[in-house]
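Input: a single structure, listed below in structure tokens.
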């Protein structure tokens, strides 16, 4: 794996001196190389982008740890950056709107129940597929809707 530290490639580490990394807490590490000791603090870590920020002996470093496979997937357009952005929800089936649990301007989180739709005498809870802010609610209680009817749009 190749690392970029402060946007520069690192060279492979070859040394006869043993390097020990001791984890002191979730964010603090001690690095020992021979008689030299360094204190390192993890400032921020983003596993999705494989980047992290570190403070080591008074200097700040940004580390990018994408592998060759990650770079190949990006090149082929198969990386996480190409996730489809959801900006609206449509009815998965025809039915009767029993309850709308959000309104315009509400902040919603993925998995929140946003509506109850009765279909074939069963109550179906429609859950939010993304985190976002409700731009507009297009249905109301006691409204009969068809499959693929626009229910909610997001900002």
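The values are calculated or read from the model by the stated rules, or taken from the named source; none is laboratory data. Quick caveat, the model's predicted, so the values are computed rather than measured. Here Cβ is always computed from backbone atoms with ideal geometry, including for glycine, and neighbour counts include all displayed protein chains.
Can you go through 103, 67, 107 and tell me which one is farther than 23 Å from residue 148 by Cβ and outside the structural domain of residue 22 (by TED's automatic domain parsing)?
Result of the check over 103, 67, 107: 107.
Looking at region 1-88, the strands (runs of 3 or more DSSP E) lying wholly inside it that each contain 2 or more residues that are on the phi < 0 side of the Ramachandran plot, surrounded by 12 or more Cβ atoms within 10 Å (Cβ to Cβ) and at pLDDT 80 or above sit at 28-33, 36-46, 51-56, 59-64. Restricting 123, 118 to residues that are under 30 Å from residue 145 (Cα atoms), free of Cβ contacts under 8 Å to residues at least 24 places away in the same chain and over 25 Å from the mean Cα position of the chain (by Cα) narrows the list to 118.
Does residue 132 satisfy being free of Cβ contacts under 8 Å to residues at least 60 places away in the same chain, surrounded by 14 or more Cβ atoms within 10 Å (Cβ to Cβ) and within 18 Å of the chain's Cα centre (by Cα)? Judged against the criteria, residue 132 is a match.
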